[in-house]
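The next block holds one structure in the form of structure tokens; read it before the comments.
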Amino acid sequence: MAVKKKKNNSSDDLLACIVEAIQDKKGKNLISLEIGSLPNAVCNYFVICNADSTTQVSAIADNVEDKVREKFNEKVFRSAGYENSIWIILDYVDVVVHIFQTEWRNFYKLEDLWADAKVSCYGEQEPESPYNFNV
């Protein structure tokens with residue numbers, strides 16, 4: 001008899017929890033890029049948002065970590081950027097979260113690097129934002 005591997009929480013459930021946590025702290029221009037089917041993908045989803053202050057960037061990241069730990073009892077695998085809070089990355093293996101300060105998101109244009117990915121937008125997008133997608 002084959003041993004069935006216990007299924008971990010799905011990427012979609014994790015994605016939904018992360019999106020909700022970002023929305024709780026008013027993250028702007030919140031999108032997800034489904035990159036799992038693309039060649040050389042590093043994960044299933046990138047989640048990207050921005051905020052106008054480093055304080056809000058940190059608050060969003062903290063809330064994501066808290067909500068994921070609370071709902072899935074899962075800690076972030078690796079994180080970076082808390083030192084200056086202009087771009088915090090939270091790596092949950094299947095889902096990687098990018099929380100930018102607004103000017104740095106506009107500078108790095110991370111979405112352009114994964115232009116072939118399926119894009120999902122959540123909530124209202126800022127009218128002047130270059131990241132208004134009609135999906």
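Annotations
- Out of Ser32, Ser37, sole residue that is within 21 Å of Cys121 (Cβ to Cβ), in contact (Cβ under 8 Å) with a residue 40 or more places away in the chain and of a type in the set (S, T, N, Q): Ser32
- In the range 103-124, the residue that is surrounded by the fewest Cβ atoms within 10 Å (Cβ to Cβ) out of those that are of a type in the set (A, V, I, L, M) and assigned to a helix (DSSP H, G or I) is Leu113.
- Among the residues listed as Ser37, Ser85, the single one being out of contact with any Phe, Trp or Tyr (no Cβ under 6 Å at 6 or more places or on another chain) and farther than 20 Å from Trp114 by Cβ: Ser85
- Among residues of the range 49-74 being out of contact with any Lys or Arg (no Cβ under 8 Å at 6 or more places or on another chain) and among the basic types (Lys, Arg), the one that is nearest to Tyr108 (Cα to Cα) is Lys67.
- For the range 35-48, the criterion of being assigned to a loop (DSSP other than H, G, I, E, B), touching a Lys or Arg at 6+ places or on another chain (Cβ under 9 Å), surrounded by 18 or more Cβ atoms within 10 Å (Cβ to Cβ) and not basic (Lys, Arg) is satisfied by at least one residue.
- Of all residues in the range 81-94, those that are within 21 Å of Asn44 (Cβ to Cβ) and of a type in the set (Val, Ile, Thr) have Cβ atoms under 8 Å from Cβ atoms of residues that are surrounded by 15 or more Cβ atoms within 10 Å (Cβ to Cβ) and at pLDDT below 95, 6 or more apart or on another chain, in Val93/Cys43.
- Unmet requirement for Lys67, which otherwise passes all of (1) in a loop (DSSP other than H, G, I, E, B); (2) closer than 15 Å to Ile22 by Cα: (1)
- For the range 75-94, the condition of being under 19 Å from Ala16 (Cα atoms), surrounded by fewer than 21 Cβ atoms within 10 Å (Cβ to Cβ), polar (S, T, N, Q) and modelled with pLDDT of 95 or more holds for none of the residues.
- Count of residues meeting criterion [closer than 24 Å to Glu34 by Cβ, part of a helix (DSSP H, G or I) and not aromatic (Phe, Trp, Tyr)] in the range 70-101: 1
The values are calculated or read from the model by the stated rules, or taken from the named source; none is laboratory data. Quantities reported herein were computed from a predicted structural model and do not represent experimental measurements. Here the Cβ is made from the backbone with ideal geometry for all residues, glycine too, and neighbour counts use every protein chain on show.
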